[in-house]
Amino acid sequence: MQSTSLYVDTLIQSATVYFESDSEAQVVDVAISKDRIVALGNCSHLQAQQCIDATGLVLAPGFIDVHTHDDLEVLRGPHMLSKVSQGVTTVIAGNCGISAVPYCADQALLDPINLLGEQSEFVYRELQDYQHAFSNAAPSVNLAMLVGHTTLRAQVMRDLSQAANAQELEQMKSLLHQAMAQGAIGFSTGLAYYNAKGASQAEVHALAQVVTPFDGIYTTHLRTEFQGVIRAMDEAFATAEHAKLPLVISHIKCAGRENWGRAPEVLAHFEQHRQTHLVSCDCYPYAASSSTLDLNQVTEETDIFITWSEPHPELAQQSLADIATQWQVSQREAAKRLQPAGAVYHCMLEDDVQRFLSYEHSMVGSDGLPCDPHPHPRLWGHFHGCLDITVENNNRCRWHWLSTK
């Protein structure tokens, strides 16, 4: 690759570059004009508006954060400092069954859709409406959108504790088909959450099949990540195989003390299914999870840190155990009083996390919650140390909408 001009915008000199995963590193110059690499190698003959000395540094392409909840954050905070400060230039939104589209909220947001933003922000009936807003906001990252199962349910169903009836299912299929036709990359579920766990396997299968003609993907927050994790994985494998879709298991983990040490078993089961189907997973490099405060995860064995509480905001940044002691009630009763609320759960074994993170078919995803007033550090730290870059507030790059089209 050589430039046809002697003048370029940026010249990165003497950078260490890995061209293939198994190849030796090479020290090269990289010339850039506008948003294109125009030359690699010895570029001493080129003149540049900006020169960067990368001697002793590794030059990498922008990282992809494959698991985010940045659906609305890219619009309200388009500089996206939590991402670009780590070298992330692309985010995948709409994970865990919750997406900002297609959804117009005419009542209080349901759990866990409330993780994404305020009720007034959910105004996008179609993906193309969201795309227009994205273009106008001009965020500093690319974005690709999954369509969330719980979001579809909230748009068409009155009682989310039940499986969808035939009419509701047809409405969801229509909304999903429209979003896929407008550029969504796949379908996500969060079957562990109250407002999705009532869904039958037939409901999920029928929706996943809508994605098949679009060559999309199926991603899932498993129905459980605790003792029944193998059974939950089998449900995910069955859905992906039924719809003939690639599968991504979200934030793979062995949650709960009674589940610790099972990473080798989980990965062996995962690898068995990889022999016949395209499956992968994502994970974050922390032994604590974060979500809304879920009574099903409240046990005396798990340290739980409260990040926010709607009825008791003054109790944020305290442990659930301490709050329960103050109120002289059980932790479960304290959790009931705090809801709706957010929490960080110290529920994983570090050795399991390391095994999942080092697995060759794992991808790194932050699962960060940008709306949380006291967010889990994974929001800013999942790629920490990979790059050291300076972000200028007034030097925001404009990127484009990513689509399968």
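At 222 nm, what helix-only mean residue ellipticity would the chain give, in deg cm²/dmol to the nearest 500, using -39500 (n - 2.57) for each DSSP H run of four or more?
It lands at -8000 deg cm²/dmol.
Excluding same-chain residues fewer than 8 positions from LYS173, which lysines have a Cα within less than 22 Å of its Cα?
LYS197, LYS244, LYS405
If you take every DSSP beta bridge fully contained in the chain, what fraction is antiparallel? Give it as a percent rounded to 5.
45
Read phi for every residue in segment 318-333 and hand back ³J(HN,Hα) as whole Hz from Karplus 6.51 cos²θ - 1.76 cosθ + 1.60, θ = phi - 60°, with x for Gly and Pro.
So the J values, rounded to whole Hz, are 10, 7, 4, 4, 5, 5, 4, 5, 4, 8, 6, 9, 6, 5, 5, 5.
5 Å is the cut-off here: which amide hydrogens, built 1.01 Å from N in the peptide plane, fall below it relative to GLY87, excluding neighbours closer than 5 in sequence?
none
Dipole size in debye (nearest 20) for the chain around its Cα centre, Lys and Arg Cβ +1, Asp and Glu Cβ -1?
So the magnitude is around 680 debye.
Using a cut-off of under 20 Å, list every residue of segment 71-88 whose amide N is near the label point 7 Å from the Cα of GLN50 along the Cα-to-beta-carbon line.
It comes to 78-88, nothing else.
For the Cα atoms of the chain, what angle does the longest principal axis make with the long axis of helix 229-243, in degrees from 0 to 90, nearest 10?
That helix lies at roughly 70 degrees to the long axis.
Determine, for each peptide in 245-252, 263-270, 361-368, the mean count of other beta carbons within 10 angstrom over its residues, then list the peptides with the highest first.
Result, highest mean Cβ count within 10 Å first: 245-252, 361-368, 263-270.
Against the globular-protein guess of 2.2 N^0.38 Å, express the Cα radius of gyration of segment 131-192 as a ratio, rounded to two decimals.
Taking N as the residue count of segment 131-192, the ratio is 1.30.
Taking amide hydrogens as modeled 1.01 Å from N in the peptide plane, which residues meet the under 5 Å criterion relative to ASN142, leaving out close sequence neighbours?
For ASN142, the qualifying residues are THR90, VAL91.
Enumerate the aspartates and glutamates that LYS83 could reach by cross-link, defined here as Cα to Cα under 14 Å, with residues fewer than 8 away along the same chain left out.
Partners found: ASP65, ASP70, ASP71, GLU73, ASP367, ASP388, GLU392.
Return the Cα extents of the chain along principal axes one, two and three, sorted largest first, each rounded to a whole Å.
71, 48, 45
If you average the alpha carbon positions of segment 261-296 and of segment 148-176, how far apart do those two centres end up, in angstrom?
Centre-to-centre distance over Cα atoms comes out at 27 Å.
I need to check one value: relative contact order of segment 99-181, counting alpha carbon pairs closer than 8 Å and at least 6 residues apart, in percent.
Contact order relative to length: 36 percent.
Please report, as a whole percent, how much of the solvent-accessible surface of the chain comes from carbon and sulfur atoms (probe radius 1.4 Å).
Here carbon and sulfur together make up 49 percent of the probe-accessible area.
Hey, can you rank 288-294, 144-150, 209-215 by average C-beta count inside 10 Å, highest first?
144-150, 288-294, 209-215
ALA268 to ALA321: FRET efficiency via 1/(1 + (r/R0)^6), r the Cβ-Cβ distance, R0 45 Å, to the nearest 0.05?
Computed FRET efficiency for ALA268 and ALA321: 0.80.
Using only the Cα atoms of segment 146-234, build the gyration tensor, take square roots of its eigenvalues as a ≥ b ≥ c, and label the shape rounded, prolate or oblate: rounded if a/c is under 1.5, else prolate if a/b is larger than b/c, else oblate.
The shape class here is oblate.
Once phi is turned into θ = phi - 60°, what whole-Hz ³J(HN,Hα) does the Karplus curve with 6.51, -1.76 and 1.60 give for every residue of segment 133-144, x standing for Gly and Pro?
4, 4, 4, 5, 6, 6, x, 7, 9, 6, 8, 10
Leaving out same-chain residues fewer than 8 places away, which aspartates and glutamates sit with a Cα under 20 Å from that of LYS336?
Output for LYS336: ASP111, ASP294, GLU300, GLU301, ASP303, GLU310, GLU314, ASP322, ASP372.
Can you give me the solvent accessible area of LYS253 with a 1.4 Å probe, rounded to the nearest 10 Å²?
Roll a 1.4 Å probe over it and LYS253 shows about 10 Å².
HN-Hα J couplings of segment 295-303 from phi, Karplus 6.51/-1.76/1.60, θ = phi - 60°, integer Hz, Gly and Pro as x?
4, 5, 9, 7, 9, 5, 8, 10, 6
Give me the number: length gained by fully extending ASP234 to ARG36, i.e. 0.36 nm times residue separation minus the C-alpha to C-alpha distance, one decimal in nm.
Full extension of this stretch gives 67.0 nm more.
The values are calculated or read from the model by the stated rules, or taken from the named source; none is laboratory data. On a predicted model such as this, the values are computed, not experimentally measured, just so you know. All Cβ positions, even for glycine, are placed from backbone atoms using ideal geometry, and neighbour counts span all protein chains on display. To get the accessible areas, we keep the full protein, side chains included, count just its heavy atoms, and leave off ligands, DNA and RNA. Shrake-Rupley method; radii C 1.70, N 1.55, O 1.52, S 1.80 Å.
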